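The values are calculated or read from the model by the stated rules, or taken from the named source; none is laboratory data. Keep in mind that this is a model prediction, so the values were computed, not measured. Don't worry about glycine lacking a Cβ; one is built from the backbone with ideal geometry, like all the others, and counts go over all protein chains shown. Accessible surface areas use protein heavy atoms only, side chains included; no ligands, DNA or RNA. Shrake-Rupley method; radii C 1.70, N 1.55, O 1.52, S 1.80 Å.
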Amino acid sequence: MIFTAFEIYKYSIPMHPFTIATGTMNFAQNIFIKAFTNENIVGVGECSAFPMIVGETQETCFVMAKDFAQLWKNKDALDIEARMSELHAFTAYNATIKSAFDMVLYDIAAKQAGKPLYSFLNANTKQKEMITDLTIGIDTPENMAAKAAAFIERGVQIIKIKLGKHPAEDVERVKQIREAVHPSTTLRVDANQGWSYADAEFALNEISRFDVEFCEQPMRRHHDPVLPELTLNSPVKIMADESVFDHHDAKRLIATKACDYVNIKFAKSGGILEAIKINEVCKQGNIPCMMGGMLESRLALTAFAHFAKATDNIRFYDMDTCMLGHKLDPVKGGISFNNFSVTVPEEPGIGADVDAEFLKSLESALI
């Protein structure tokens, strides 16, 4: 099966401002790709640029995508490893836009096999319930507590709290949210690299009083040498996020006992092919994983859910990206939510696409 053409879209989705420790996003800086083949199988892929974390923007992804499409044109669409090796040889890093092309490959391969993506990834996939959290961006403690209470009214069972500003105020945020929700509500926090070692030590000891499941990425990636000490002494479990882009990072952190869990995101790993390797390293090291994302629409989110369903070592689900303030949903098909329990489609491939009328309004390139 040969690639014949690519459509590349600046897949911008307006959203309410969403704030984390490293900055505020006012729209989802996404790229959507449709890849055509000589066997009339069309593959789709999406990525979401988050420059404060990964270093790519929608513009850099768009430019690089045109180069990638030229590189793959008239090449075998079913040779996943060869195609991804070409991208890695062509340019270092650029994991976010690589992940969209990786998604195209897996969508085409699963469609050609006549299987939903989860079954293509693992023929022995077991049934499991995937309940996603819902995230509260950084705001005043009072406003965050009010949002948490509103989440409970909507049936949310797990709340992820963005922190990483001033540690004393972060503790107050968690305190007020715990007071606003049911005692059985699961709380997890994400500092997005916002604390120093001293900040993290203080905050983690204080928030442990409020029954917090884990803390994601308390410190900057360059503080990884002291992460083992923090993990050893913290009363709250530590999850590595920005410290793990690939399986080499995972090996490094596991070898030094620097984390209890790892958050896998395609925008960091470059897609499914590398995510499989990260998960395998973590599984061998007895480190459970979470499936996370940036600000993707339900299309990429559906691919995340397929991967999570096929992977028994993924035990935590942060698959709320399309609910983080997106003002519209242009996706056809895809995952559905039942009280925040995620159900994947059974059609071959990812099982999702973007509305053609919406695509007409976007800047695009045909390669």
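Only protein heavy atoms count here; under a 1.4 Å probe, Asp241 has an accessible surface of about 0 Å².
Against the main long axis of the alpha-carbon atoms of the chain, helix 272-284 sits at an angle near 40°.
Within a straight-line Cα-Cα reach of under 29 Å, Lys327 can be paired with the following lysines, leaving aside sequence neighbours fewer than 8 residues apart in one chain: Lys10, Lys34, Lys66, Lys98, Lys147, Lys160, Lys162, Lys165, Lys265, Lys268, Lys309, Lys360.
Note on the chain: dipole from Cβ charges, positive end direction compared against Thr140, Ile278, Pro218; the farthest Cα belongs to Ile278. Largest GNM mean-square fluctuation among Ala356, Ala258, Ala69, using the chain with Cα springs under 10 Å: Ala356.
For the chain, averaging the sequence separation of C-alpha pairs within contact (under 8 Å, six or more residues apart) and dividing by the residue count gives a relative contact order of 21 percent. Using Cβ point charges alone (K and R +1, D and E -1), the dipole size of the chain about the Cα centre works out to roughly 320 debye.
Take the Cα radius of gyration of segment 302-367 and divide it by 2.2 N^0.38 Å, with N its residue count; two decimals is plenty.
On the way: Rg = 14.0 Å, N = 66, 2.2 N^0.38 = 10.8 Å.
After normalising by residue count via 2.2 N^0.38 Å, the value is 1.29.
Please identify every one of the GluC sites (Glu not before Pro) in segment 69-146 that sits in a loop by DSSP and has no more than 13 other beta carbons within 10 Å of its own beta carbon.
Values: sites: Glu81, Glu86, Glu129, Glu142; in loops: Glu129.
Listed in order of number, the matching sites are Glu129.
Let a ≥ b ≥ c be the square roots of the eigenvalues of the Cα gyration tensor of segment 198-263; is it rounded (a/c under 1.5), or, if not, prolate (a/b larger than b/c) or oblate?
Details: a/c = 2.07, a/b = 1.76, b/c = 1.18.
Prolate shape, in that a/c is at least 1.5 and a/b is the bigger ratio.
A convex hull fitted around the alpha carbon atoms of segment 5-99 yields 94 Å³ per residue. Centre-to-centre separation between the Cα atoms of segment 1-45 and those of segment 244-271: 24 Å. Remark: relative contact order (segment 44-135) = 34 percent; criterion is Cα-Cα distance under 8 angstrom and separation of 6 or more residues. Kindly identify segment 44-190 as rounded, prolate or oblate by the Cα gyration tensor criterion: order the square roots of the eigenvalues as a ≥ b ≥ c, call it rounded if a/c is under 1.5, otherwise compare a/b with b/c, prolate if a/b is larger, else oblate. Here segment 44-190 falls in the oblate category. Using a probe of 1.4 Å on the protein chains alone, the accessible area found for Arg221 is around 90 Å².
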